[in-house]
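Visitor: The structure's right below; bear with me while I get my questions together.
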Amino acid sequence: MPNTFAEIQNEMRNIAKELLESGEATMVIGWEKGALPYQSTPVMIRSAEDVDKLIWDEYCQQNLSTYLIDYIYTDEKVAIFAKGCDTRAYNRLIQDNRIKAEKSIVIGVPCLGMKNAREAAKLPEGAEVPMANACKECRYPNPVTFDRKIGEDVTPWCTERDFSDVEAIEALSADEKYAFWQSQYTKCIRCYACRNICPACNCTSCIFDQSASGWCSKDVNASENQFYGVTRAFHVAGRCIECGQCEMVCPSEVPIMLMNKKFIKDIDSLFGAHEAGIDIDTPAPLSHFSVSDPEEFM
Amino acid sequence: MKFIEKTNLTSLLAQLDAQYRLLVPVDYHGLTQFAPYSQVDSGVSQLYLDGNVTVSPKTVYLPQSEAMYKFSAQGKKLAIEEMPPLDRMQVLFGVRHCDTKAIQCLDKVFLDDTFADPQYKDKRDKTIVFSLACNNPKATCFCESMGIDRAHAEQSVADVQVYDLGERYGFEAVSDKGQACLNALNGMTDGEAKLPEQKPQSISFDAQGLPEKLKEMFDHPIWDEYAFKCLNCGTCSYICPTCHCFDINNKMRGTTGLKLRTWDSCMFGEYTQMAGGHQPRPGKKERVRNRFLHKLQYFNEKHNMSLCVGCGRCIAKCPVNMDITKFIRQVIAE
Ligand code: SF4
Ligand code: SF4
Ligand code: SF4
Ligand code: SF4
Ligand code: SF4
């Protein structure tokens with residue numbers, strides 16, 4: 001069984017070659033090395049000659065499942081490599097009817113946790129880089145669904161989420177909470193990177209792309225930015241697979257996961273524990289209703 | 001050259017702040033950008049001089065949201081209220097050389113021979129730029145390859161050239177405005193100094209002939225290769241010091257409203273959307289191609305200069321690490 005980074009990488013290349021040569025896949029999406037040692041980046045491979053571009057290292061953070069959306073109305077059969085969180089994203093996209101299983105091949109890769117690329121950029125060269133925040137709390141490093149799998153499953157290093165960061169905010173007074181979020185959302189430049197990288201944000205048209213509707217103007221200020229942040233948090237509630245990519249890509253370092261985790265905590269206590277995307281049969285708590293749902297406000 | 005000891009920088013900044021509206025590079029809760037010095041003074045932000053800031057100084061001349069005028073309906077009449085010009089001179093301290101070049105790019109657009117944008121011009125005229133040479137470029141910096149002089153800032157933009165000389169800072173006036181500003185500052189010594197050593201940049205290439213090559217490559221498969229991974233977010237355009245596209249919006253409250261100019265990005269779906277819904281740049285390929293060609297070909301053809309100044313921000317911050325230098329090197333090698 002291939003288990004080291006080098007062995008898995010080798011196997012990735014072999015499988016990609018096989019899929020492309022046999023015609024089973026028309027393209028393979030994996031990762032290649034980016035500009036800097038702490039950057040790995042998606043790459044599209046169409047020819048068996050190019051499979052050596054593929055790499056597997058501790059910075060292969062970006063989820064590739066969302067790219068499948070781009071090919072749903074084409075004749076392409078796309079193979080992707082997928083870590084635990086990526087397979088949860090895959091399941092969610094299947095549930096949302098945004099991708100089709102028969103148009104894709106999922107090659108699962110057990111993950112040992114990705115490193116924090118943002119911290120790596122700030123640390124001196126050669127320094128020990130910590131694990132990415134979301135990965136520290138990951139309970140599903142092994143692919144939850146796959147057509148093929150490379151390597152042996154790993155033992156999850158986390159069994160329960162750490163909500164102490166959320167609790168610290170909950171303990172603040174209303175004014176303190178306001179001041180905290182005000183300072184964070186003052187920084188937001190409304191680049192929408194958090195939305196566009198997110199597997200839960202997969203709407204065909206987003207209200208924030210319709211400035212003429214008057215819902216939210218293009219004026220960038222703390223208030224409209226918070227409207228954006230809160231709306232997005234509500235919309236991914238119950239569907240967020242906790243990959244942490246939204247927070248990781250934010251150029252302004254807005255602590256987006258704090259809000260996502262608050263929703264997760266509340267949903268768990270209101271509707272019972274829910275893990276988004278670990279299968280395709282359990283509906284997301286806010287995507288259906290049951291007569292026993294709490295409705296204290298009514 | 002005039003000098004101050006680094007330990008006296010705060011007193012120099014305080015002097016500038018007393019005479020001008022002073023803007024400095026800061027770290028505000030993890031976001032680096034230019035902000036009023038009062039933020040540093042009050043401890044809200046920390047002065048950040050370790051490298052270039054994430055959000056470029058274009059915000060000073062072309063804010064992300066800027067009111068153009070107010071309007072209100074009074075009966076059947078429309079009243080327009082102009083926005084006031086800057087009420088005093090401002091100093092922009094610590095602009096890196098790439099960004100001074102970027103401001104020259106903005107000048108080509110907003111101070112065009114046929115029309116000078118009044119709001120841009122007001123800020124440009126009333127700003128004294130202290131540019132700071134980089135001794136230690138970041139791993140993503142490649143300004144030298146884009147033709148930027150690392151020892152001297154763009155002369156049409158900088159007023160005072162600042163050098164980091166280890167224990168002290170050296171100041172040299174570049175314009176009359178800069179000279180007058182320096183003359184009025186206390187506590188500086190005069191003398192001569194050797195310019196500091198500047199570490200070489202790790203990204204380096206020869207971009208000769210790039211616009212001409214790109215001219216023949218509009219339909220090249222390279223666009224599919226690069227664009228597939230793009231998320232069409234606004235990160236690269238918004239943090240880029242030269243991206244200058246804007247949109248004009250109304251913000252209404254009852255019978256009064258604001259006419260706003262806000263940043264826009266060619267990566268977004270509403271950009272170039274026509275009445276009736278037609279979108280000439282419907283997908284990733286067309287949008288990435290537009291951004292790269294605007295930077296590396298169109299602007300050259302129109303203004304004889306590159307619209308990429310090699311600041312490396314997009315390489316550092318693009319969520320999928322779209323690497324414009326890899327693209328340039330691949331085009332050159334074609
Ligand atoms: S909201 Fe953030 S953590 Fe949740 S699925 Fe989207 S990108 Fe991942
Ligand atoms: S990624 Fe950050 S800056 Fe961009 S829209 Fe999201 S919260 Fe705002
Ligand atoms: S190139 Fe990168 S930063 Fe720019 S729109 Fe595409 S994904 Fe976003
Ligand atoms: S394209 Fe990238 S490197 Fe070039 S000026 Fe813009 S942000 Fe800087
Ligand atoms: S690109 Fe050049 S001028 Fe700009 S920050 Fe880097 S070294 Fe300095």
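Visitor: Checking the structure you have, find out if any residue of the range B:273-289 is open to solvent by 20 Å² or more (accessible area, probe 1.4 Å), more than 13 Å from chain A (Cβ to nearest Cβ), within 12 Å of ligand 3 (Cβ to nearest atom) and of a type outside the set (Gly, Ala, Ser).
Guide: For the range B:273-289, residues open to solvent by 20 Å² or more (accessible area, probe 1.4 Å), more than 13 Å from chain A (Cβ to nearest Cβ), within 12 Å of ligand 3 (Cβ to nearest atom) and of a type outside the set (Gly, Ala, Ser): present.
Per-residue answers, yes or no, for (1) more than 25 Å from B:Lys108 (Cβ to Cβ); (2) over 17 Å from the mean Cα position of the chain (by Cα); (3) among the small types (Gly, Ala, Ser); (4) away from ligand 4 (no atom under 11 Å from the Cβ):
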{"site": "B:Lys251", "(1), (2), (3), (4)": "yes, yes, no, yes"}
{"site": "B:Gly254", "(1), (2), (3), (4)": "yes, yes, yes, yes"}
{"site": "B:Ser265", "(1), (2), (3), (4)": "no, no, yes, yes"}
{"site": "B:Thr272", "(1), (2), (3), (4)": "no, yes, no, yes"}
{"site": "B:His278", "(1), (2), (3), (4)": "yes, yes, no, yes"}
{"site": "B:Leu293", "(1), (2), (3), (4)": "no, yes, no, yes"}
{"site": "B:Asp323", "(1), (2), (3), (4)": "yes, yes, no, no"}
{"site": "B:Ile328", "(1), (2), (3), (4)": "no, yes, no, no"}
{"site": "B:Ala333", "(1), (2), (3), (4)": "yes, yes, yes, yes"}
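Visitor: If you scan the range A:241-274, which residues turn out to be in contact with an Asp or Glu (Cβ under 9 Å, 6 or more places away or on another chain) and more than 7 Å from ligand 1 (Cβ to nearest atom)?
Guide: Passing the criteria: A:Glu253, A:Val254, A:Pro255, A:Leu258, A:Lys261, A:Lys262, A:Ile264, A:Lys265, A:Leu270, A:Phe271, A:His274.
Visitor: Among the residues of the range A:16-35, which ones are buried (at least 21 other Cβ atoms within 10 Å of the Cβ) and touching a residue at least 60 places away in the same chain (Cβ under 8 Å)?
Guide: Those that are buried (at least 21 other Cβ atoms within 10 Å of the Cβ) and touching a residue at least 60 places away in the same chain (Cβ under 8 Å): A:Ala16, A:Leu19, A:Ala25.
Visitor: Do any strands (runs of 3 or more DSSP E) entirely within the range B:26-128 hold 3 or more residues that are over 28 Å from B:Arg253 (Cβ atoms) and open to solvent by less than 60 Å² (accessible area, probe 1.4 Å), and if so, which?
Guide: B:31-36, B:90-95
Visitor: Contact list please: Cβ distance under 6 Å, first residue in the range B:250-264 and within 10 Å of another protein chain (Cβ to nearest Cβ), second residue open to solvent by 50 Å² or more (accessible area, probe 1.4 Å) and among the basic types (Lys, Arg), pairs at least six apart or on different chains.
Guide: What qualifies is B:Leu258/B:Lys70.
Visitor: Considering only residues of the range A:179-205 that are of a type in the set (A, V, I, L, M) and more than 16 Å from ligand 4 (Cβ to nearest atom), which is farthest from the other protein chains (Cβ to nearest Cβ)?
Guide: A:Ala200
Visitor: Continuing with the same structure: Would you please list the contacts, defined by Cβ atoms under 8 Å and residues six or more apart or on different chains, that run from a residue in the range B:27-48 that is touching a residue at least 12 places away in the same chain (Cβ under 8 Å) to a residue that is of a type in the set (Lys, Arg) and open to solvent by 20 Å² or more (accessible area, probe 1.4 Å)?
Guide: B:Pro36/B:Arg21
Visitor: Out of curiosity, is B:Ala73 more than 16 Å from ligand 5 (Cβ to nearest atom), within 20 Å of the chain's Cα centre (by Cα), among the small types (Gly, Ala, Ser) and over 21 Å from B:Lys177 (Cα atoms)?
Guide: no
Visitor: Can I ask one more? Which members of the range B:295-321 meet the condition of being away from chain A (no Cβ under 14 Å) and part of a loop (DSSP other than H, G, I, E, B)?
Guide: B:Asn304, B:Met305, B:Ser306, B:Leu307, B:Cys308, B:Val309
Visitor: Looking only at the range A:61-90, which residues are out of contact with any helix residue (DSSP H, G or I) (no Cβ under 8 Å at 6 or more places or on another chain), surrounded by fewer than 24 Cβ atoms within 10 Å (Cβ to Cβ) and touching a residue at least 12 places away in the same chain (Cβ under 8 Å)?
Guide: Within the range A:61-90, A:Tyr67, A:Asp75 meet the criteria.
Visitor: Working carefully through the options B:Val288, B:Val320, B:Val309, B:Val331, find the one that is within 16 Å of ligand 1 (Cβ to nearest atom) and either in contact with a helix residue (DSSP H, G or I) (Cβ under 9 Å, 6 or more places away or on another chain) or at pLDDT below 95 (or both).
Guide: Sole residue among the options that is within 16 Å of ligand 1 (Cβ to nearest atom) and either in contact with a helix residue (DSSP H, G or I) (Cβ under 9 Å, 6 or more places away or on another chain) or at pLDDT below 95 (or both): B:Val320.
Visitor: If you don't mind, there's one more thing I want to ask. Please go through the range B:304-334 and give me each residue that is under 18 Å from B:Asp224 (Cβ atoms), more than 15 Å from ligand 3 (Cβ to nearest atom) and open to solvent by less than 20 Å² (accessible area, probe 1.4 Å), ordered by number.
Guide: Hit for the range B:304-334 is B:Val331, nothing else.
To keep it simple, each residue is scored yes or no on (1) in the same structural domain as A:Ala132 (by TED's automatic domain parsing); (2) more than 26 Å from B:Val320 (Cα to Cα); (3) β-branched (Val, Ile, Thr); (4) within 16 Å of ligand 5 (Cβ to nearest atom).
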| site | (1), (2), (3), (4) |
| --- | --- |
| A:Thr155 | no, yes, yes, no |
| A:Ala171 | no, yes, no, no |
| A:Ala179 | no, yes, no, no |
| A:Ser183 | no, yes, no, no |
| A:Lys187 | no, no, no, no |
| A:Gln210 | no, no, no, no |
| A:Ala233 | no, no, no, no |
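Visitor: Within the bounds of the range A:145-156, is there any residue that is surrounded by 12 or more Cβ atoms within 10 Å (Cβ to Cβ) and either within 14 Å of chain B (Cβ to nearest Cβ) or free of Cβ contacts under 8 Å to residues at least 24 places away in the same chain (or both)?
Guide: Yes, because at least one residue in the range A:145-156 is surrounded by 12 or more Cβ atoms within 10 Å (Cβ to Cβ) and either within 14 Å of chain B (Cβ to nearest Cβ) or free of Cβ contacts under 8 Å to residues at least 24 places away in the same chain (or both).
Visitor: To continue, here is another question. Scan the range B:255-285 for residues that are among the aliphatic types (A, V, I, L, M), assigned to a loop (DSSP other than H, G, I, E, B) and more than 16 Å from ligand 2 (Cβ to nearest atom) and jot them down.
Guide: Selection gives B:Met274, B:Ala275.
Visitor: Would you confirm, using the coordinates I've provided, whether B:Glu225 is free of Cβ contacts under 8 Å to residues at least 12 places away in the same chain and away from every other protein chain (no Cβ under 14 Å)?
Guide: no
Visitor: Taking the range B:168-188 on its own, how many of its residues are open to solvent by 40 Å² or more (accessible area, probe 1.4 Å), farther than 20 Å from B:Gln90 by Cβ and at pLDDT 95 or above?
Guide: Total satisfying the criteria: 2.
Visitor: Looking only at the range A:207-240, count every residue that is free of Cβ contacts under 8 Å to residues at least 40 places away in the same chain, within 12 Å of chain B (Cβ to nearest Cβ) and open to solvent by less than 30 Å² (accessible area, probe 1.4 Å) and tell me the total.
Guide: So the count comes out to 5.
Visitor: When the residues of the range B:1-25 are filtered to those that are among the charged types (D, E, K, R) and part of a strand (DSSP E or B), which remaining residue is least open to solvent (accessible area, probe 1.4 Å)?
Guide: Ranking the candidates gives B:Lys2 first.
Visitor: Take the residues of the range A:15-72 that are more than 14 Å from chain B (Cβ to nearest Cβ) and among the small types (Gly, Ala, Ser): which is farthest from the chain's Cα centre (by Cα)?
Guide: So the residue we want is A:Ser22.
Visitor: Looking only at the range A:126-135, count every residue that is touching a residue at least 24 places away in the same chain (Cβ under 8 Å) and open to solvent by 40 Å² or more (accessible area, probe 1.4 Å) and tell me the total.
Guide: Residues flagged as touching a residue at least 24 places away in the same chain (Cβ under 8 Å) and open to solvent by 40 Å² or more (accessible area, probe 1.4 Å) within the range A:126-135 amount to 1.
The values are calculated or read from the model by the stated rules, or taken from the named source; none is laboratory data. Everything numeric here is computed off the predicted structure, so don't read it as measured data. Positions of Cβ are generated from backbone atoms using ideal geometry, with glycine treated the same way; all protein chains shown enter the neighbour counts. The area values use the complete protein model at the heavy-atom level, side chains included, leaving out ligands, DNA and RNA. Shrake-Rupley method; radii C 1.70, N 1.55, O 1.52, S 1.80 Å.
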